[in-house]
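Right, one structure below, let's go through it.
The values are calculated or read from the model by the stated rules, or taken from the named source; none is laboratory data. Predicted, not measured: the structure shown is a model, and the values here were computed from it. Here the Cβ is made from the backbone with ideal geometry for all residues, glycine too, and neighbour counts use every protein chain on show. Accessible surface is based on the protein model in full, side chains and every heavy atom, while ligands, DNA and RNA are left aside. Shrake-Rupley method; radii C 1.70, N 1.55, O 1.52, S 1.80 Å.
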Amino acid sequence: MEALLVAFQQVLQPQVLLYLILGTVLGLAVGTLPGLTATMAVAILTPLTFWLPPESGLGVLIGVWNASIFAGGISAVLLNIPGTPASIASTFDGHPLVKKDQAGLALGINVLYSAIGGLFGILIFLIAAFPLARFALSFGPAEYFALGLFGLSMMIAVSGTSVVKGLIAGFIGLALSLVGLDPMLATPRFNLGSTQLITGLSFIPLMIGIFGLGEVFYQMVTTLGQPQEQTKPQGERKGFSSLGRMLVNAKEFVQTLPATIIGSVTGVVIGAIPGSGADIASLIGWEFSRRTSKRKEEYGKGSIEGLAATCTANNSCLGGALTTMMALGIPGDAVTAVLIGSFMMYGVQPGPAMFRDKSDFVFMVIGLMILANLFFLATGFIFSRFAGGFILLPKPIMWSTILILSLVGSFSLNNRLFDVWVAFLGGILGFLFRRYQFPLGPIILALILGPIVERNFRTALIISHGNPAIFLTRPISLIFILGTALALASPLFLRKKRGQKE
Amino acid sequence: MADFLFGVFTLALGMVIYWGANRLPGGVLTFALNPGFFPKIVAVGLMVLGAILAYQGWKNRQTYGEGKLSKELRLRLGALLGLVFLYLILWGNGSFLLNTLIFLFLSHIIMKYRVLPSLLSSTVITVLTWILFTQAFRVRLF
């Protein structure tokens with residue numbers, strides 16, 4: 001408790017608060033604009049925060065992350081277009097509420113329940129992360145290898161259209177992680193004789209390319225290829241004062257309580273599973289809440305319970321994802337994979353040792369997460385009223401801003417043009433992957449996990465004198481290996497089951 | 001057909017990595033210490049998956065992608081990629097402000113934005129980017 005108070009003193013400094021507010025405002029903008037994702041924003045802003053002290057820099061990134069997940073619900077409610085993938089399920093009941101002339105209430109639920117979910121996630125992080133990290137300290141190379149493999153397989157299992165494409169994306173990520181020095185003998189590998197590649201591919205410029213530039217190229221061809229239609233949010237048509245009341249009354253609060261609990265718990269659990277993100281959490285949270293509700297028939301037609309469940313689920317997911325990322329060093333989703341890169345930029349390697357050696361840093365992150373949720377709770381009601389006009393920002397301005405920030409941001413990290421070329425090539429790769437429906441998450445996850453998996457795999461084999469049975473004879477490792485097999489086989493079983501039904 | 005081509009590319013990538021891994025110095029003590037050990041596993045994985053995707057793509061002759069781009073969109077995308085390429089080639093030559101202004105203005109035109117707002121917004125974005133990086137972050141641009 002004392003450490004948490006010290007951390008609060010650290011994050012309550014005016015400079016840190018200022019950067020946290022800046023991050024929250026940027027996150028509100030990013031989340032509201034359809035097409036911009038939290039992952040993209042964190043990737044682009046990471047080099048910009050390089051120049052700041054860790055608490056201020058992370059204040060910006062954590063502010064953006066939390067606020068953008070919440071703000072994605074604004075366009076989901078007003079336009080029926082999710083601002084970020086995490087808000088897909090918010091369209092189910094949010095937009096029907098707008099059609100019932102209850103836009104204010106829908107936006108208010110989005111603000112209030114997102115904050116409740118976010119704070120619940122942090123509470124669970126506070127309770128679970130330290131024991132989990134202590135437990136993980138007993139892991140050996142075999143366990144770490146199996147855990148890394150499990151993380152990779154989970155992302156592939158939930159990666160959509162084709163397991164083969166998910167696996168290819170993961171293996172391409174692993175191949176990219178091979179560039180540089182061999183993690184055990186420091187032998188240069190696949191650096192094409194270039195000194196620029198001797199330390200490996202720059203992770204942050206590559207992420208900026210894949211998630212920033214790639215998204216711009218992709219959006220340009222998809223948006224310009226469609227007939228232009230002007231969708232105006234309700235507030236824009238009727239005037240912002242006509243949105244109606246935003247706060248739920250006592251009766252509605254009691255009515256939404258079970259959905260809030262279900263959404264919060266589902267979000268944290270899904271978030272903690274490596275590879276699954278806020279989009280999956282909100283969909284599952286909504287479905288669980290619908291199944292247990294007394295008013296099932298209202299779901300999908302403007303149910304305040306349905307909206308409360310999705311809003312709490314997608315924000316509580318952040319606490320779960322952070323728990324896995326910080327306690328085990330395994331990213332929960334694409335954003336946390338990018339955040340690992342940001343942490344490393346500040347010289348901090350997420351994992352169990354961080355809780356032992358840098359617990360003040362962990363508490364600082366907790367403090368920033370709590371404040372970020374309180375900030376968007378305080379500003380979200382006002383921002384939601386005016387977001388309608390903001391959504392109509394011309395796409396070319398948005399795209400070109402991302403384009404130039406991505407290019408100059410990649411350069412600014414090391415003052416190296418080579419990094420900008422890496423970002424550009426990453427952008428082309430990101431475009432092709434989006435276009436031909438290869439999931440992007442496994443590449444980033446594999447880039448992070450590749451060196452961990454390789455180092456621990458080889459160390460374990462050296463310990464066992466080359467006997468691979470070491471991975472199956474240690475209980476924790478065996479559990480993760482079985483989990484990996486299950487994760488990879490589950491899409492095949494599901495497809496077979498679906499085929500039998502049809 | 002796109003899946004077939006991606007499959008063939010993945011297969012070829014796997015072969016190149018395997019070839020590169022074979023050329024790495026041999027390990028000492030055990031095979032697991034060999035720097036080429038893990039790359040070979042990755043290479044085999046890529047070859048197997050590439051072959052599966054190529055087979056699936058050939059058999060179905062369909063892509064999970066979003067169909068072919070129109071000629072106009074291909075041209076616009078090509079022009080934007082070419083513009084970024086040119087901007088990076090010219091990086092360090094001339095003036096950052098002028099290069100970026102022209103780059104952004106032409107980007108807006110490629111993105112079908114009107115000329116006058118393009119000019120105005122390009123100027124604002126260029127100046128703000130310059131101020132942000134050179135004045136706030138003390139990055140030396142050109």
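5 Å is the cut-off here: which amide hydrogens, built 1.01 Å from N in the peptide plane, fall below it relative to B:Val139, excluding neighbours closer than 5 in sequence?
B:Thr134
What dipole magnitude, in Debye to the nearest 20, does the range A:2-497 give about its Cα centre under +1 on Lys/Arg Cβ and -1 on Asp/Glu Cβ?
Its charge dipole is roughly 980 debye.
Can you tally the net charge around A:Ala86? Count Lys and Arg as +1, Asp and Glu as -1, for every other residue whose Cβ sits under 11 Å from the Cβ of A:Ala86.
Value of the local net charge: -2.
Taking the mean number of other Cβ atoms within 10 Å as a proxy for protection, how do you rank A:355-363, A:284-292 from highest to lowest? Don't skip to the answer; put the middle values down first.
Numbers: A:355-363: 16.7, A:284-292: 21.9.
Order by mean packing, descending: A:284-292, A:355-363.
Projecting each Cα onto the charge dipole of chain A (Lys/Arg +1, Asp/Glu -1 at the beta carbon, about the Cα centre), which of A:Ser490, A:Leu429, A:Gly329 comes out farthest on the positive side?
Farthest towards the positive end: A:Ser490.
Given a Förster distance of 41 Å, report the FRET efficiency between A:Gln196 and A:Arg291 from their Cβ-Cβ distance, rounded to the nearest 0.05.
Between A:Gln196 and A:Arg291 the formula returns 0.15.
With an 8 Å Cα cut-off and a minimum separation of 6 or more residues, compute the relative contact order for the range B:71-136 in percent.
Over the range B:71-136, the number comes to 31 percent.
Counting protein heavy atoms only and a 1.4 angstrom probe, how many square angstrom of accessible surface do chains A and B bury in total, to the nearest 100?
5600
How far apart, in nm, are two points set 7 Å out from the Cα along the Cα-to-Cβ line at B:Phe9 and at A:Leu486?
So the two model labels end up 3.6 nm from each other.
Which order, highest average first, do A:293-302, A:440-449, B:88-97 follow once you tally other Cβ atoms within 10 Å for each residue and take the mean per peptide?
Packing proxy ranking, top to bottom: A:440-449, A:293-302, B:88-97.
Average partner chain C-beta neighbours within 10 Å, per residue of B:14-23? Mind dumping the intermediate values first?
Numbers: counts 3, 0, 2, 6, 0, 0, 4, 3, 0, 1.
Mean partner-chain Cβ count within 10 Å for B:14-23: 2.
Put a dot 7 Å past each Cα toward the Cβ at A:Leu494 and A:Lys99; how far apart are the dots in nm?
Result for the modelled spin labels: 2.7 nm.
Once you average over the residues of B:35-47, how many Cβ atoms of partner chains fall within 10 Å of each Cβ?
Numbers: counts 12, 4, 6, 14, 7, 0, 5, 12, 4, 1, 6, 6, 1.
Whole-number average of other-chain Cβ neighbours for B:35-47 is 6.
Enter the mean number of other protein chain beta carbons within 10 Å of the beta carbon of each residue in B:134-140, as an integer. Write out the running numbers ahead of the final one.
Details: counts 2, 0, 2, 9, 2, 10, 3.
Average per residue, whole number: 4.
Using only Cα atoms, tell me the angle between helix A:163-177 and the longest principal axis of chain A; keep it within 0 to 90° and round to the nearest 10.
In chain A, helix A:163-177 runs at an angle near 60 degrees to the longest axis.
So for the range A:46-185, averaging the separation of alpha carbon pairs under 8 Å that are six or more residues apart and normalising by length, what relative contact order in percent results?
Relative contact order for the range A:46-185 comes out at 11 percent.
Explain nothing, just the number: relative contact order of chain B, from Cα pairs under 8 Å at least 6 residues apart, as a whole percent.
Relative CO of chain B lands at 23 percent.
Quick one: Karplus J couplings for the range A:188-196, per residue in order, coefficients 6.51, -1.76, 1.60, θ = phi - 60°, nearest Hz, x for Gly and Pro?
For the range A:188-196, the Karplus curve yields x, 9, 6, 9, 6, x, 8, 6, 5 Hz.
How much length, in nm to one decimal, is gained on full extension between A:Glu2 and A:His465, taken as 0.36 nm per residue of separation minus their Cα-Cα distance?
162.0 nm
If you stretched the chain out fully between B:Ile89 and B:Val44, how much longer would it get, using 0.36 nm times the residue separation minus the C-alpha to C-alpha distance?
Length gained between B:Ile89 and B:Val44: 12.6 nm.
Could you tell me how many degrees, from 0 to 90 and to the nearest 10, lie between the Cα long axis of helix B:115-130 and the main elongation axis, the longest principal axis, of the Cα atoms of chain B?
Approximately 70 degrees, to the nearest 10.
Sort A:211-223, B:109-121 by packing, meaning the average of other beta carbons within 10 Å per residue, with the highest value first.
Order by mean packing, descending: A:211-223, B:109-121.
With the full set of protein chains in place, find how many percent of the accessible area of the range A:88-216 is carbon and sulfur; take the probe as 1.4 Å.
Accessible surface attributable to carbon and sulfur in the range A:88-216 totals 70 percent.
Sequence-distant or interchain residues sharing an amide H contact under 5 Å with A:Asn191, placed H: which?
Under 5 Å from the amide H of A:Asn191 lie the amide H atoms of A:Gly180, each far enough along the sequence or on another chain.
If one takes the longest principal axis of the Cα atoms in chain A, at what angle in degrees, from 0 to 90 and to the nearest 10, does the Cα axis of helix A:257-272 lie?
Value to nearest ten degrees: 20.
Could you please report the charge total around A:Phe411, scoring K, R as +1 and D, E as -1 over all other residues with beta-carbon less than 13 angstrom from its beta-carbon?
Working: positive: A:Arg416, B:Arg140; negative: A:Asp419.
Here the count lands on +1.
Anything over 27 Å Cα to Cα? Flag those among A:Lys301/B:Lys112; A:Lys395/B:Lys68; A:Lys395/B:Lys71; A:Lys497/B:Lys40; A:Lys301/A:Lys395; A:Lys496/B:Lys68, in the order listed.
In this structure, A:Lys301/B:Lys112; A:Lys497/B:Lys40; A:Lys301/A:Lys395; A:Lys496/B:Lys68 exceed 27 Å between Cα atoms.
From Cα coordinates alone, what are the radius of gyration and Dmax values for the range B:71-136 in angstrom?
For the range B:71-136, the Cα radius of gyration and maximum Cα-Cα distance read 12.6, 43 Å.
In a shell of Cβ-Cβ distance under 14 Å around A:Ala321, excluding A:Ala321 itself, what net charge do Lys and Arg (+1) and Asp and Glu (-1) give?
Value of the local net charge: -2.
Which log10 I(q)/I(0) values, to two decimals, does chain A give at q = 0.11, 0.13 Å⁻¹ under the Debye formula with one point per Cα?
The calculated log intensity ratios at q = 0.11, 0.13 Å⁻¹ are -0.91, -1.29.
What FRET efficiency would be calculated for the residue pair B:Arg114, A:Gln13, taking the C-beta separation as r and a Förster radius of 51 Å, to the nearest 0.05?
It comes out at approximately 0.70.
Can you report the principal axis dimensions of the range A:383-502 using only the alpha carbons, biggest first, rounded to whole angstrom?
58, 52, 31
Return the distance in nm (one decimal) between the two label points of a simple spin-label model at A:Leu393 and B:Met1, each offset 7 Å from Cα along Cα→Cβ.
Between A:Leu393 and B:Met1, the simple spin-label model gives 4.0 nm.
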